[in-house]
Each structure stands twice: as C-alpha cells, then as structure tokens.
1. How about the stretch 116-138: which of its residues are surrounded by fewer than 19 Cβ atoms within 10 Å (Cβ to Cβ), touching a strand residue (DSSP E or B) at 6+ places or on another chain (Cβ under 8 Å) and hydrophobic (A, V, I, L, M, F, W, C)?
2. Only residues in the stretch 210-236 that are at positive phi count as the first member; pair them with residues that are surrounded by fewer than 18 Cβ atoms within 10 Å (Cβ to Cβ) and modelled with pLDDT under 95, Cβ under 6 angstrom, at least 6 apart or cross-chain, and list the lot.
3. Among (1) surrounded by 17 or more Cβ atoms within 10 Å (Cβ to Cβ); (2) within 10 Å of residue 160 (Cβ to Cβ); (3) not basic (Lys, Arg), there is one condition residue 219 misses while meeting the rest; what is its number?
4. Restricting the search to the stretch 41-62, which residues are exposed (fewer than 15 other Cβ atoms within 10 Å of the Cβ) and touching a strand residue (DSSP E or B) at 6+ places or on another chain (Cβ under 9 Å)?
5. Quick check on this structure: which one of 159, 178 is within 30 Å of residue 253 (Cβ to Cβ), at pLDDT 80 or above, within 18 Å of the chain's Cα centre (by Cα) and not basic (Lys, Arg)?
6. Among residues belonging to the stretch 236-259 that are in contact with a helix residue (DSSP H, G or I) (Cβ under 8 Å, 6 or more places away or on another chain), under 12 Å from residue 211 (Cβ atoms) and modelled with pLDDT of 90 or more, point out the one that is surrounded by the most Cβ atoms within 10 Å (Cβ to Cβ).
7. Criterion first (in contact (Cβ under 8 Å) with a residue 24 or more places away in the chain and surrounded by fewer than 19 Cβ atoms within 10 Å (Cβ to Cβ)) does residue 28 satisfy it?
Amino acid sequence: LICGLVLLPLHKPLEIAEQLATLDIMCGGKLVFGCGIGYRDVEFQAFGVARKEAPRRFEECLLAVKRLWTEDFVDMTGSHFVLDHANSTVKPLQKPMPPVWIGANADAAIRRAARFGDCWYINPHSTLTTLARQMDLYKRALDEYGKPFPAELPMRREVFVAGTRNEAIRLAQPYLEVKYKTYREWGQDKVMPAGDEFDHDFDELLDDRFLIGSPDEVGDRLIDLQRRFGVNHLVASVHWPGMPNSLALEQMQILAEEVMPMVRSAG
C-alpha cells in the first residue's frame with residue numbers, strides 16, 4: 001500500500017505519524033510511506049504555508065515522524081510545531097518503520113531523497129536523458145552521505161498495453177493527453193528540469209516518458225529501465241480521469257499476464 005505522495009510541508013508530524021501507523025497496522029505491515037514537497041501554489045495558499053518554507057518544513061516533519069515512530073517520547077521544536085514529551089499512541093507494525101520513498105523532480109530534491117529517504121521514488125514525467133543525468137546525481141549524493149544504493153528502486157510511469165502500439169495510443173491518448181494538459185495548467189512542468197516541460201505534442205511526450213505499446217514493446221522498455229538504471233519496482237498509472245473502468249481492467253490484465261512474466265524471466 002503506497003501512501004503518497006504525502007505533502008509533508010502541509011502537515012503536522014504527530015498527525016502523520018499516527019495516521020500512517022494506523023494504516024500500516026490495517027494493511028498488515030505493507031505500508032510504503034511516500035512523501036514529497038509539492039509544487040502547486042494554490043495548495044500552499046490553502047494550508048497557509050509559504051512555499052519558500054517547504055524544504056525546511058519537509059525535512060523537519062519527516063525527521064519528527066521517524067522519531068515518533070521509533071522513540072517513546074519526543075522533544076523537538078520545529079519551525080511550525082513543538083513536540084513536548086510527545087508520543088505517538090500508535091506505532092507502525094513494520095520495525096523500525098515503513099520504508100520511506102521520497103518523490104523528487106528537481107536536482108535539489110533528489111539530493112534530499114538520497115539524504116533522508118530509503119530510496120528516490122522516480123517520477124513518471126522525466127525523459128530518459130534527464131533520468132540518466134539525475135541518476136548519476138543520486139548516486140553521487142548517496143556516496144556523499146555514506147549510504148548504499150537502495151535494494152528497491154521504484155519508478156512511477158504512465159502505462160497502457162494493448163494488442164498493438166497503434167491501438168494502445170488510440171485508446172490511451174484521449175485520457176492521457178488531457179491529464180498532461182491539466183498538469184501544465186497547474187504548473188507542474190515549471191518544477192521539472194529544463195527540457196522536460198509538457199508543452200510538447202502528445203507524440204513527443206509519448207516517445208520518451210510513457211510506457212505505451214504492445215506487450216513486447218512495453219516489456220522491452222521495462223527491461224531496459226531495469227538494466228540501465230536499476231529500477232526494480234514499477235508503480236503503473238493505468239487509469240486516468242474519464243477512462244472507463246472496463247478499459248483500464250482490460251489492459252491491466254494484459255500487463256499482468258503478458259508483460260510481467262516477460263520482465264521477470266529477464267531477471
């Protein structure tokens with residue numbers, strides 16, 4: 001159960017610690033704590049948080065949550081909270097805590113993921129050129145902080161599988177194209193590295209960012225990501241606003257029955 005991304009700058013640590021610990025118990029110790037900073041001005045405004053404070057609030061909140069999960073009582077003063085002999089009345093089932101996946105787009109955020117997270121949760125939007133550069137940055141940051149390359153490296157990607165590539169594009173484009181136009185209106189591509197903006201035709205976005213095609217094509221792309229970057233956990237976005245559930249279920253079945261066995265057999 002991947003929870004996230006939780007936008008930690010918008011929350012208090014005790015609230016997050018107790019809620020996620022409860023979720024971890026409810027799902028039998030299978031929770032993944034996915035977290036990030038956020039990027040939408042409207043969200044920061046709604047929570048009364050200055051965007052420039054987000055990095056510091058993120059780091060403070062994450063540190064506090066970890067302490068609340070692993071210590072009986074916590075004394076800590078942050079920029080937006082005070083823990084005075086505070087304790088989380090609920091502790092996670094996983095010990096010492098659920099894995100922490102930190103989502104990151106910008107270079108500074110990737111360094112933050114190396115420093116504070118169990119792994120970098122790779123976003124679904126980056127081009128392969130940017131991913132290669134940022135993976136080098138991530139590895140250097142891990143070395144700097146004295147941490148090994150993670151045993152589990154997750155990537156989120158937009159995925160659609162059909163009998164042929166043309167069919168997959170035809171079925172996916174009406175929904176996925178609208179999604180990325182909306183992301184652009186929200187300003188998400190403003191926080192992406194230079195060259196990774198979304199102001200491109202759908203065909204250009206499709207070439208390098210999405211996993212859309214026949215089972216063999218998508219399987220080959222996944223194997224390439226695994227071999228080039230060490231990605232070994234796919235979080236597949238397979239259902240987008242407006243898409244009928246039946247269409248999502250149909251291509252999910254193809255993904256499970258035809259693509260994943262191919263990827264597993266490749267090692």
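1. If the condition is that a residue be surrounded by fewer than 19 Cβ atoms within 10 Å (Cβ to Cβ), touching a strand residue (DSSP E or B) at 6+ places or on another chain (Cβ under 8 Å) and hydrophobic (A, V, I, L, M, F, W, C), then 116 is the only one that fits.
2. 213/165
3. (2)
4. Result: 47, single match.
5. The unique qualifying residue is 159.
6. Only one residue tops the list, namely 259.
7. Considered against the rule, which asks whether it is in contact (Cβ under 8 Å) with a residue 24 or more places away in the chain and surrounded by fewer than 19 Cβ atoms within 10 Å (Cβ to Cβ), residue 28 comes out as yes.
Table: residues versus (1) closer than 17 Å to residue 99 by Cβ; (2) among the hydroxyl-bearing types (Ser, Thr, Tyr).
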{"position": "16", "(1), (2)": "yes, no"}
{"position": "23", "(1), (2)": "yes, no"}
{"position": "29", "(1), (2)": "yes, no"}
{"position": "36", "(1), (2)": "yes, no"}
{"position": "47", "(1), (2)": "no, no"}
{"position": "52", "(1), (2)": "no, no"}
{"position": "59", "(1), (2)": "no, no"}
{"position": "71", "(1), (2)": "no, no"}
{"position": "79", "(1), (2)": "no, yes"}
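The values are calculated or read from the model by the stated rules, or taken from the named source; none is laboratory data. Quick caveat: nothing in here was measured; it's all calculated off a predicted structure. Backbone-built Cβ (ideal geometry, glycine too); neighbour counts: all protein chains shown.
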